[in-house]
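A.B. asks: My structure is below; once you've seen it, I'll send some questions.
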């Protein structure tokens, strides 16, 4: 399970003067479900396109299944499948015709595979309906069916649940989990629905302004996010000293707005509040925060309207802990 | 799983036979061709309709029709999958860029040649069946002209393949191709009419549509006489070496276009 299947090293992409990817490096191991998280325009799709060979990197390298040569990468990509931006669909053809074209294109001998993937994707009953009459959700399902045609070992999925209804989202999530657990398919996925990613992913890559801000496993994310006390008070500047000197707490951070986040001694709220009172500090806010992926993302990647210095400060804080 | 050029061609053929435009384009061009010929027929006022007469009659309008068929089929086959990004999925599957490129060029060439041959042969065959071949041109001379027309058509397909992989929007390619084709014809017409520039007309073989016009070569029409009967006959003497030279020039230029198109696509980012 430790084989690194997708390895990206110092990947940089420039369009004229605009640098859309800056020195991005990461590795995705076999069996992972790796979520690529970032705001619009962060470079998520560009990373996926570079992995898929659609764009040619300005510098840096991509290794797939240990292969780096052009021929080796092409062969490796035949073991993978992708949904990037628009799902695979010829508008004037039916779902079955689309998959038959794909079958011919990929040289898949078994015609029954079309029925299998139509069934898996939940669009087996679309008959003669042409894709131009499909809903966005049905097109996404066709994209998934197309991605499964060649029984891939890795799936790279860019916003695969866009346009799906809640029921569809649950079905696709369960399908992806099943494929990962039963077929051992490694998945790289991006989505704006972070609550969904948090139900799927084993690892995360956070990307912003073309730079990889952080890589973190889901377990570590839970450890980092869960159970932190947030303390705001009438005298924020005294709080760190009280925590450190009176209570012996080492693991805490101070945000720019003075909020103190405490990561240890979490079972002893009474002791913390007493110490604060005894030292003349009145907490105006003292609560346990169970930060989820969304909160973590907002803290790490930040509100795009924040000033840059603020963002750097926040991301530095979190990175320091990981 | 074997991804080869043959697979790609099979997939492109599968798609193109299911697309409506394949049939609509051919039907529209056939209607334009027939209307043009009927108008010319009415203008000439001849009652001597025959297969050979139809062939000669079509010489004026046919370069436009052949150009449009090659242009639309090539642009849509090469560029249609770029617009809806289904071509991306071939590259994402690890297909060689050469296979992606040449499969489209070859399928575009197939449909262009088939449609051009059908539009050249079918209406004339129908008229011949109804009214006979006639005496205006021998069957051999018409067949030879048809055969040599294929070289400039191949060159047109190659050029439009290059243009489509360069511009990536087939609608723009159709617009540009139309303007360029008509521009060539107008430029040659102006040069010929000025008559004073001293340009050797053999140089027109380097242009695509003027090559088509020259291969038809039915400008010199006179009277023949047989069994006490006068009839129109094409008196233009065909020169095999000129036709071969014209075909060779067109095929060499076609090869340059095809290679140039591939070199552009080989190292290019795909949207």
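Laboratory data are not the source of any read-out in this text; all were calculated from the coordinates shown. Source: prediction; values computed, not measured. Here the Cβ positions follow ideal geometry from the backbone for every residue, glycine too, while neighbour counts run over all protein chains shown.
A.B. asks: Take every residue in peptide A:47-55, count the Cβ atoms of other chains within 10 Å of its Cβ, and give the average of those counts.
C.D. replies: Partner Cβ neighbours, averaged per residue: 4.
A.B. asks: Could you give the semi-axes, largest first, of the ellipsoid that matches chain A, computed as the square roots of 5 times the alpha carbon gyration tensor eigenvalues and rounded to whole Å?
C.D. replies: 45, 22, 17
A.B. asks: Assign one of three labels to the range A:91-203, namely rounded, prolate or oblate, based on the Cα gyration tensor with a ≥ b ≥ c the square roots of its eigenvalues; rounded applies when a/c is under 1.5, prolate when it is not and a/b is larger than b/c, and oblate otherwise.
C.D. replies: Taking the square roots of the gyration eigenvalues as a ≥ b ≥ c, the range A:91-203 is oblate.
A.B. asks: So what is the relative contact order of chain B, in percent, for Cα pairs below 8 Å that sit 6 or more residues apart? Don't jump to the answer; show the numbers that get you there.
C.D. replies: On the way: 307 pairs, mean separation 67.7, N = 271.
Worked out over chain B, it gives 25 percent.
A.B. asks: Of the peptides A:158-169, A:278-289, A:91-102, how do they stack up when ordered by the mean number of other Cβ atoms within 10 Å, highest first?
C.D. replies: Top of the packing list down: A:91-102, A:158-169, A:278-289.
A.B. asks: If you don't mind, there's one more thing I want to ask. Give me a single rounded figure for A:85-98: the average over its residues of other chain Cβ atoms within 10 Å of their Cβ.
C.D. replies: 4
A.B. asks: Could you put B:8, A:129, A:222, A:13 in order, starting from the residue whose Cβ has the fewest other Cβ atoms within 10 Å? Intermediate values should be presented prior to the final figure.
C.D. replies: Working: B:8 26, A:129 13, A:222 17, A:13 23.
Lowest count first: A:129, A:222, A:13, B:8.
A.B. asks: To continue, here is another question. Rounded to the nearest 500, what is chain A's calculated 222 nm mean residue ellipticity when only DSSP H runs of at least 4 contribute -39500 (n - 2.57) each, over all residues?
C.D. replies: Mean residue ellipticity, 222 nm, calculated: -11000 deg cm²/dmol.
A.B. asks: Rg/Rh for the protein assembly as shown to two decimals, with Rh computed the Kirkwood way over all alpha-carbon pairs.
C.D. replies: 1.17
A.B. asks: Calculate how steeply helix A:269-278 sits against the longest principal axis of the alpha-carbon atoms of chain A, using the helix alpha-carbon long axis, and give the answer as 0 to 90 degrees to the nearest 10.
C.D. replies: Tilt relative to chain A: about 40 degrees.
A.B. asks: How would you order A:173-184, A:42-53 from highest to lowest mean count of nearby Cβ atoms within 10 Å?
C.D. replies: On the way: A:173-184: 14.4, A:42-53: 24.2.
Packing proxy ranking, top to bottom: A:42-53, A:173-184.
A.B. asks: While we're here: Between the range A:80-103 and the range A:143-213, how far is it from one alpha carbon centroid to the other, in angstrom?
C.D. replies: 18
A.B. asks: OK, next. Which angle between 0 and 90 degrees, to the nearest 10, do you get for helix B:240-266 versus the longest principal axis of chain B when only C-alpha atoms count?
C.D. replies: The answer is roughly 20 degrees.
A.B. asks: Continuing with this model, one more query. Quick check on chain B: helices-only [θ] at 222 nm, where DSSP H runs of length 4 and up contribute -39,500 (n - 2.57) each and the sum goes over total residues. Nearest 500, please.
C.D. replies: -25500 deg cm²/dmol
A.B. asks: To continue, here is another question. Relative to the compact-globule scaling 2.2 N^0.38 Å, provide the ratio for the alpha-carbon radius of gyration of chain B.
C.D. replies: Normalised by 2.2 N^0.38 Å, the Cα Rg of chain B equals 1.10.
A.B. asks: What does the C-alpha gyration tensor say about the overall shape of the range A:127-261? Classify as rounded when a/c is under 1.5, otherwise prolate if a/b is larger than b/c, or oblate.
C.D. replies: prolate
A.B. asks: Under a crude label model (7 Å from the Cα following the beta-carbon direction), how far is residue A:255 from residue A:271 in nanometres?
C.D. replies: Here the modelled spin labels are 2.6 nm apart.
A.B. asks: How well do other chains shield peptide B:90-101, expressed as the mean number of their Cβ atoms within 10 Å of each residue Cβ? Don't jump to the answer; show the numbers that get you there.
C.D. replies: Numbers: counts 4, 7, 16, 18, 15, 6, 3, 3, 0, 1, 1, 0.
The mean count of partner-chain Cβ atoms within 10 Å per residue comes to 6.
A.B. asks: Take the Cβ-Cβ distance between residue B:187 and residue B:144 as r, set R0 to 35 Å, and report the resulting FRET efficiency rounded to the nearest 0.05. Write down the numbers at each step before the final one.
C.D. replies: Values: r = 27 Å, r/R0 = 0.78.
The computed FRET efficiency comes out at 0.80.
A.B. asks: Right, something else. Mind running the shape call on the range A:147-210? Use the C-alpha gyration tensor, a ≥ b ≥ c as the square roots of the eigenvalues: rounded below 1.5 for a/c, prolate if a/b tops b/c, oblate otherwise.
C.D. replies: Numbers: a/c = 1.62, a/b = 1.19, b/c = 1.37.
Oblate shape, in that a/c is at least 1.5 and b/c is the bigger or equal ratio.
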